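Presented below is the structure to which this report refers.
The values are calculated or read from the model by the stated rules, or taken from the named source; none is laboratory data. Predicted model, so just to flag it, every value in this text is computed and none were measured. We place every Cβ from the backbone using ideal geometry, glycine too, and count neighbours over all the protein chains shown. Areas reflect the complete protein model, heavy atoms only, side chains present, ligands, DNA and RNA absent. Shrake-Rupley method; radii C 1.70, N 1.55, O 1.52, S 1.80 Å.
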Amino acid sequence: MGYDSIPYEKRIKENIRNYSLSNLYDMEIVKKYFFNLGKVLGINILLTDRHGEKEMSVGDGFLGYHPDVVAEPGRKLRVRNHTVGHLYIKKQETDKDEQLIHEMMDETMALLEKLGEEVYLRREDSIYLEELERELEDRNHKISQNEKEDILTGVYNKIYFEEKMKVIDRSEVVPVGVVDININDWKYANDHFGDDGSDKLIKIVADIIKDEARPEYVIGRVDGDVFGVLIPLAEDGEAEDLAARVQERCNTYEDAQLAPSVAVGVVYKTNIEETLEDRLSDAEYEMFNNKFEVKNAPGYRERLEKGVRRQ
């Protein structure tokens, strides 16, 4: 029934259009009531939906009768100022008090309208509250995720990544592979392609890292163009293999403008007395050594500038 950003009062006013008689009433109880009422008052009763389709009939007085709810609407059954049904009656017994019949039918309609409104409001309130609770849960989940994740890339943000380092330190897990990954010439992309281009470059590299990492790896964006990866209980060469795969994927990535390239530093924490914060600094030092090699490799500058030449 659509509750997204619709004011409650407007919902209550409009959503009654979505309700049929069977949504508002237990039709078996209503039929039994009208059957007994028809016997007491000596009348035939026909109840239709808002369009004139028969919902129930008491007696045979309406056999073959096709009501025209526009020209002859009978008694309109209205809930929240909206017609949900039409009631027709015919006398069977001439000795019955006609005024009494009409009074009782009017009171019956008033009772049904009040009952229908109560049911409608109760159902709508219940749906509305469920929607609000679901929205609150979704919002809390998003807040929780935002506290952990970097919005642009979906990896852990710096604060949470640092918390994960502390947790791993306290667990005394060794060895831990520590990988520092820095995007080469990110500023070049920003200068020539603006924030959209440089953000795209960061996301490309992040997606490559996530794609090459195993589920147990801890990945964080620790600076604007820098990522850290922790590999608890790393096997020999596992961190180096990840670094090589990420660099290869970046170097072979095809884009009309951007030329993703990364410098990588790899170290291992092998002693529980060491801290991952210190080892990440050591990995950063190794990364700068690698950056010099990568940026001075043949063909690097040509690939970096290809997007600018095409403009």
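Values as computed for the structure displayed
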quantity	calculated
Cut-off under 5 Å, modelled amide H: who pairs with MET56 long-range	LEU47
Under-5 Å amide H pairs with VAL79, H placed in peptide plane, nonlocal only	VAL84
Test item: Cα-centred dipole of the chain, Lys/Arg +1 and Asp/Glu -1 on Cβ, debye	1320
Debye-sum result for the chain in log10 I(q)/I(0), which assumes one identical scatterer on each alpha carbon, at q = 0.13, 0.16 Å⁻¹	-0.93, -1.18
Contact order normalised by residue count of segment 197-293, Cα under 8 Å, 6+ apart, percent	22
Segment 163-239: GluC sites (Glu not before Pro) in DSSP coil with no more than 13 other Cβ atoms inside 10 Å	GLU172, GLU216, GLU235
Viscosity 0.692 mPa s, 37 °C: Kirkwood-radius Stokes-Einstein D of segment 92-139 over Cα pairs, µm²/s	237
Additional length obtainable on full extension of the chain from GLU9 to ASP97, 0.36 nm per residue less Cα span	27.4 nm
Where Rh is the Kirkwood radius over Cα pairs, Rg/Rh for segment 1-111	1.04
Other-chain or far-sequence residues with amide H under 5 Å of SER261's (modelled H)	ASN184
Spatially proximal lysines relative to LYS148 (Cα-Cα < 20 Å; intrachain offsets below 8 disregarded)	LYS158, LYS164, LYS166, LYS203, LYS210
Highest to lowest packing among 200-206, 98-104, 72-78, scored as the average C-beta count within 10 Å	200-206, 72-78, 98-104
Sequence ranges 34-47, 116-129, ranked by mean other-Cβ count within 10 angstrom, highest first	34-47, 116-129
Solvent-accessible area per residue, Å², over the chain with all protein chains present [probe radius 1.4 Å]	58
Zero-based 5 Å bins, Cα pair distances in segment 265-311, whole percents	5, 19, 17, 13, 12, 10, 9, 7, 5, 2, 1
Carbon + sulfur, % of accessible area of the chain - ligands and nucleic acids excluded, 1.4 Å	48
Backbone HN-Hα couplings from phi across segment 57-72 [Karplus 6.51/-1.76/1.60, Hz, Gly and Pro as x]	9, 10, x, 9, x, 10, 4, x, 8, 10, x, 9, 6, 8, 7, 10
Per-residue ³J(HN,Hα) for segment 171-176, Karplus 6.51 cos²θ - 1.76 cosθ + 1.60, θ = phi - 60°, Hz, x for Gly and Pro	6, 6, 7, 9, x, 10
³J(HN,Hα) computed for each position of segment 298-303 - Karplus, 6.51 cos²θ - 1.76 cosθ + 1.60, integer Hz, glycine/proline x	x, x, 4, 5, 4, 5
Fully extended contour minus Cα-Cα distance, from SER171 to ASN296, at 0.36 nm per residue	40.9 nm
